[in-house]
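As structure tokens, the structure follows; a few thoughts come after it.
None of the figures in this text is laboratory data; all of them are computed from the coordinates on show. The model shown is predicted, which means the values in this text are computed figures rather than measured ones. Cβ sites come from the backbone with ideal geometry, for glycine too, and all protein chains shown count toward neighbours.
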Amino acid sequence: MSRPSDRSADPIRDHPAVAKVAAVLAEAGQADSAAGIRFLPRAARTAAQAAEALGVPVGAIANSLVFRMTTPDGTAPLLVLTSGAHRADTDRLAALTGARRVERADPDFVRTHTSHAIGGVAPVGHPTRITTLVDEALRAYDTVWAAAGHPHTVFPTTFDGLVAATGGRPATVAADSTDSHTERAAPR
């Protein structure tokens, strides 16, 4: 779980991406989320790993999935904050955004548009604003956990907190919102 409360002893807290996420959360009026950043002893690169480390249901983990949208103007990133209990459906994402096509982004595309590595992509703290969809399934949890810019970090928030901090749009992102694939949780 988390390390002792002496945060100055943890070098990950000084990681630039984690510091940026904490600052953006604080600026967005989410000081509790910024102060609640947890440092996990092992990297949690999947929703299942994060849920296990935190002792919460996998559905309470907000995966930050970055996709490449093909639009009439070219390509652009799409950030989908989806419940760890299921996978986002790319056809549905295309319909929701009006994109011609939506496909998984490669690691270089993810880092370019978020400045985070896959496994630690936070929903905030990116170089520029990214079109964001927030999975309606996350409403079912009082506390939602999201990556904080590094594979060893997460922060607590709420569904409404994610929508507010990201400027995202609530959406049903799975093909069948009752279909859950917890055995194959997607990377965060």
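A Gaussian network model of the chain, with springs between Cα atoms under 10 Å, assigns the largest mean-square fluctuation among Thr70, Thr172, Thr128 to Thr128. The DSSP beta bridges internal to the range 39-139 are antiparallel in roughly 80% of cases.
Each DSSP beta bridge with both residues in the chain is either parallel or antiparallel, and the antiparallel ones are about 70%. Based on C-alpha pairs under 8 angstrom that are at least 6 apart in sequence, the chain has a relative contact order of 28 percent. Under 5 Å between amide hydrogens, which residues at least 5 positions from Arg87 or on another chain qualify, with H placed 1.01 Å from N in the peptide plane? Close amide H contacts, sequence-distant or interchain: His181. With the convex hull constructed from alpha-carbon coordinates only, the range 41-102 shows a mean projected area of 4.4 nm² over all directions. To the nearest ten degrees, helix 16-27 and the longest principal axis of the Cα atoms of the chain are 80 degrees apart. From the coordinates of this entry, mean projected area of the Cα convex hull in nm² is computed, and it appears in [x] 15.4; [y] 10.8; [z] 9.6 under the label [z]. Within the shell defined by Cβ-Cβ distances under 11 Å, the residues around Gly59 carry a net charge of 0, with Lys and Arg each +1 and Asp and Glu each -1.
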